[in-house]
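> Okay, handing you the structure first.
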Amino acid sequence: MDYRVGFCQYKPQLKQPEQNIKRLAQLLDGVEADLLVFPELAVSGYVFRDKEELINHSELTDSGRTIDFFREFSKENNVSCIVGFPEKAQKEGETIVYNSCFLANPDGSYHVYRKIHLFNREKLLFAPGDGEFSIYPAKNGVKIGMMICFDWIFPESARTLALRGAQIICHPANLVLPWCQQAMITRSLENRVFTITSNRVGDEVNGDIKMNFTGQSQVTATKGEILKRFDTVEEGIWVTTVNPEEADDKMVTPYNHAITDRRPDRYFD
Ligand code: ACM
């Protein structure tokens with residue numbers, strides 16, 4: 001099956017959702033794809049000072065500026081979109097925010113993943129994800145899994161998605177450490193799946209907190225081939241054609257299967 005997949009790399013402006021959506025609409029103009037991955041917290045920005053500021057820029061699970069824009073875009077353009085957003089929820093009478101992403105499909109179906117492994121100061125602001133690494137159908141029934149940014153450093157994240165049948169792992173990110181892009185080659189290779197990392201670029205400053213994001217968004221194929229990697233600063237959307245069914249072939253040699261050759265009885269905690 002020919003399937004056009006891609007990523008968006010750009011520089012969102014902190015707490016400027018309208019401006020960011022305008023910029024995304026500009027970047028998306030004329031793009032044709034079946035599945036597109038956007039960064040973590042793609043429209044809100046990342047460097048929130050405290051919970052109150054974050055709550056003020058968060059969105060409900062299934063309605064809000066970001067979600068409404070992408071659900072409409074997905075239907076109008078017949079493309080599945082995976083997009084990071086700060087998800088507001090209630091727990092035990094308290095307002096909390098998950099660092100989430102959603103899958104919006106052209107048929108209107110919609111799924112949310114809540115980041116399981118929080119990174120650094122995120123632990124002060126967000127609630128850790130209470131869901132699972134699950135598989136969802138994207139356009140044409142392609143099986144996708146979602147993980148967010150720092151989930152990469154735990155091989156169990158991608159492995160769980162692969163064990164559950166993911167063909168493409170969609171990976172919205174706001175990366176600041178230098179290792180992820182190289183590591184994702186291994187995540188693809190060891191699981192024989194496609195991975196799409198969409199990272200943002202640029203500096204973000206809020207009071208005395210400053211962060212720089214490393215770009216290098218990429219698509220890797222099932223044998224670890226990098227099909228494309230952006231540089232650390234460029235902005236844009238890149239699309240290529242892959243065959244997701246290649247991810248169903250787990251044979252490494254005629255005698256080695258990447259999944260069933262595992263020896264869980266020999267692995268220890
Ligand atoms: C990260 O998880 N945003 C590094």
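> Consider Thr197 carefully, then state whether it is within 14 Å of the ligand (Cβ to nearest atom) and hydroxyl-bearing (Ser, Thr, Tyr).
Criteria met by Thr197.
> Now for a separate question. Could you go through the range 143-154 and let me know if any residue there is surrounded by fewer than 23 Cβ atoms within 10 Å (Cβ to Cβ) and either of a type in the set (Ser, Thr, Tyr) or more than 16 Å from the ligand (Cβ to nearest atom) (or both).
Yes; the residues of the range 143-154 include at least one that is surrounded by fewer than 23 Cβ atoms within 10 Å (Cβ to Cβ) and either of a type in the set (Ser, Thr, Tyr) or more than 16 Å from the ligand (Cβ to nearest atom) (or both).
> Give me the residue from the range 201-245 that is over 21 Å from Ile82 (Cα atoms) and charged (D, E, K, R) and, out of that set, surrounded by the most Cβ atoms within 10 Å (Cβ to Cβ).
Glu204
> Name every residue in the range 125-166 that is aliphatic (A, V, I, L, M) and free of Cβ contacts under 8 Å to residues at least 60 places away in the same chain, in order of residue number.
Matches in the range 125-166: Ala127, Ile135, Met147, Ile153, Ala158, Leu161.
> Another question, if that's okay. Return the residues of the range 2-27 that are more than 15 Å from the ligand (Cβ to nearest atom), surrounded by 19 or more Cβ atoms within 10 Å (Cβ to Cβ) and either over 22 Å from Arg114 (Cβ atoms) or touching a residue at least 60 places away in the same chain (Cβ under 8 Å) (or both); say none if nothing qualifies.
Tyr3, Val5, Gly6, Phe7, Cys8, Tyr10, Ile21, Leu24
> Something else about it: Taking the range 100-129 as the region of interest, how many residues are away from the ligand (no atom under 16 Å from the Cβ), of a type in the set (Phe, Trp, Tyr) and in a loop (DSSP other than H, G, I, E, B)?
Counting residues in the range 100-129 that are away from the ligand (no atom under 16 Å from the Cβ), of a type in the set (Phe, Trp, Tyr) and in a loop (DSSP other than H, G, I, E, B) gives 0.
> Continuing with this model, one more query. Examine the range 257-267 for a residue that is in contact with a strand residue (DSSP E or B) (Cβ under 8 Å, 6 or more places away or on another chain), of a type outside the set (A, V, I, L, M, F, W, C) and either surrounded by 16 or more Cβ atoms within 10 Å (Cβ to Cβ) or over 24 Å from Phe154 (Cα atoms) (or both), and state whether such a residue exists.
no
> If you check Glu132 against the conditions, is it crowded, with 24+ Cβ neighbours inside 10 Å and not in a helix (DSSP H, G or I)?
Criteria not met by Glu132.
> Also, quick follow-up: If you scan the range 42-99, which residues turn out to be part of a strand (DSSP E or B), hydrophobic (A, V, I, L, M, F, W, C) and more than 16 Å from the ligand (Cβ to nearest atom)?
Hits for the range 42-99 are Leu60, Cys81, Ala89, Ile96.
Bear in mind that the values in this text are calculations on the coordinates, not laboratory data. This is a predicted model, so every value here is computed, not measured. Reconstructed Cβ throughout: ideal geometry from the backbone, glycine too, with neighbour counts over all protein chains shown.
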